[in-house]
Amino acid sequence: MDPEKRVMKVVAEAQGILARYIEPGPRDCEQTINQLLVVLDDEAVAQAVEEMKMEKPTAEQLAELKRLSAIARVPDESEIVISKEEAEIRIRDLKDKARME
């Protein structure tokens, strides 16, 4: 599941828990908190949030990765790069490798 869908699913579940809590009648704060923890305190959710916060690589970075991969004679990994930071690191490494070729 992609990060946006995962986060949206969890937010909807948490909203449902809170909606049940504010309905008229007896309330159990501890049970509500425990239900929220089950939904929100999840490593996959935390990772999805982190991925959503990352800046995506630019088209220029991806083009540079493809170009340098060809020069350095290594497999093109531009399609698996998920952040600007990762793209910059790979570009720097490929430039070093291309100089050695």
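Bear in mind that the values in this text are calculations on the coordinates, not laboratory data. No experiment lies behind these values; they were computed from the predicted model shown. Positions of Cβ are backbone-derived with ideal geometry, glycine not excepted, and every protein chain shown enters the neighbour counts.
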Take the residues in segment 4-36 that are under 30 Å from the mean Cα position of the chain (by Cα) and β-branched (Val, Ile, Thr), then tell me which one is farthest from residue 48 (Cα to Cα). 32
Among the residues of segment 1-16, count how many are charged (D, E, K, R) and surrounded by fewer than 14 Cβ atoms within 10 Å (Cβ to Cβ). 3
For segment 53-63, does any single residue satisfy the condition of being farther than 23 Å from residue 94 by Cβ and not acidic (Asp, Glu)? yes
Being surrounded by 16 or more Cβ atoms within 10 Å (Cβ to Cβ), touching a helix residue (DSSP H, G or I) at 6+ places or on another chain (Cβ under 9 Å) and either of a type in the set (D, E, K, R) or not in a loop (DSSP other than H, G, I, E, B) (or both), is that true of even one residue in segment 77-86? no
Output the residue which, of all residues in segment 51-60 that are in a helix (DSSP H, G or I) and within 18 Å of the chain's Cα centre (by Cα), is surrounded by the fewest Cβ atoms within 10 Å (Cβ to Cβ). 53
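Yes or no, residue by residue, for (1) touching a residue at least 12 places away in the same chain (Cβ under 8 Å); (2) among the basic types (Lys, Arg); (3) in a helix (DSSP H, G or I):
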site	(1), (2), (3)
13	yes, no, yes
16	no, no, yes
21	no, no, yes
26	no, no, no
32	yes, no, yes
45	yes, no, yes
49	yes, no, yes
62	yes, no, yes
69	yes, no, yes
Give the residue, chosen from 39, 74, that is surrounded by 13 or more Cβ atoms within 10 Å (Cβ to Cβ) and either under 26 Å from residue 10 (Cα atoms) or under 16 Å from the mean Cα position of the chain (by Cα) (or both). 39
May I ask you to say which residue of 51, 30 is over 30 Å from residue 80 (Cβ atoms) and of a type in the set (D, E, K, R)? 30
